[in-house]
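This report concerns only the one structure given below.
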Amino acid sequence: MKSSVRDWKLHLIVLLLVIVGEWIGARKINLGFGVLALFPMLYVLVLGGIISWPSFRWLKEEQMKKAATILGIAFLLFVAKLGTMLGPSLLKIFEAGWSLAFQEIGHFIGTIILGLPIALWLGMGRESIGATFSIDREPNLAIISEKYGADSPEGRGALGVYVCGTLFGAIYLALLAGFLGSMGILHPISLAMGAGVGSGSMMAAASGALAVVFPEHEQDIAVFAGAANLLTTILGTYICIFFSLPITVRLYNRLAPIIGKQPVAAKEEETNA
């Protein structure tokens, strides 16, 4: 930990990225049918990805691991800040009532109902179970690994979505949230609740983009996104174990013979035999 904190090259790169991101500032790109909201965190994510590209050799793998350690500490500060904002806004959260609870359904049903048929149509086998039963963050990986094993088809599917979410999730949600917010179809608080998907980085990126589109609701967006994220983190594990995963397996068994690709289905039957 001490060597991680004292890596001055890493700190200098982070400082420069922050300065560049803040210098560019928030921008809106009008697409005619919507607006893309760009903001400093998004710039820094992209620039950080370029700098850490292995071919450039600007950062060593050891330094990337140190950055991941420091990131965990930074998120603790971010969560602490959200906590100080949640306290004074508890009445608003209670007033939201069932809407805050029901939005959790979308985090799990959305990935299953929409994701599973598409995964099967694209030719995925049992990997589609691990890939679509949740958004596949750390607790979800643990569930799949415990039930099926990390090297199982289900485990590989979950790990694949986890890697994609880690690399592109924050950028994708930031662009999507800003675009949906600019269309004026959904209320900013509803979008803020949807931003709390159970990942701190994704929530921060999505709520940041919404704050650019709706600056007058900036504090409420942070509060409701944080509350939804906390609720997802607390309840998500139990919902995945007792509801999402069994439903996904049952749907897979029904849909695979209908819309699954024949080569994949045949290969799985041979393996199971």
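Things worth noting here:
- Neighbours of Ala74, meaning other residues whose beta-carbon lies under 14 angstrom from its beta-carbon, give a summed charge of +2 when Lys and Arg score +1 and Asp and Glu score -1.
- Theoretical FRET efficiency, 1/(1+(r/R0)^6), r = Cβ-Cβ of Lys28 and Val249, R0 30 Å, to 0.05: 0.10
- Applying 1/(1 + (r/R0)^6) with R0 = 51 Å to the Cβ-Cβ distance of Glu218 and Trp58 gives a FRET efficiency near 0.90.
- For Phe39, the residues 5 or more places off, or on other chains, whose built amide H falls under 5 Å of its own are Arg27.
- Taken along the Cα-to-beta-carbon direction at a fixed 7 Å, the label points for Leu47 and His11 span 1.9 nm.
- Assigned charges on the beta-carbon of Lys, Arg, Asp, Glu; the range 10-74 dipole about Cα centre (debye): 60
- Taking label points 7 Å from Cα along the Cα-to-Cβ direction, Leu76 and Leu186 give a separation of 3.3 nm.
- The range 124-168 shape via C-alpha gyration tensor axes, a/c threshold 1.5: oblate
- Distance from the range 6-65 to the range 228-256 (C-alpha centre basis), Å: 34
- In this structure, the residue pairs whose Cα-Cα separation is over 31 Å, taken from Lys65/Lys147; Lys9/Lys81; Lys60/Lys147; Lys28/Lys66, are Lys60/Lys147; Lys28/Lys66.
- Backbone phi angles across the range 54-69, fed through the Karplus curve with coefficients 6.51, -1.76 and 1.60 (θ = phi - 60°), yield HN-Hα couplings of x, 5, 7, 6, 7, 10, 7, 4, 4, 5, 5, 5, 5, 4, 5, 5 Hz in residue order; Gly and Pro are listed as x.
A short reminder: the numbers here are calculations on the coordinates, not readings from a lab. All values derive from a computational prediction rather than experimental measurement. Reconstructed Cβ throughout: ideal geometry from the backbone, glycine too, with neighbour counts over all protein chains shown.
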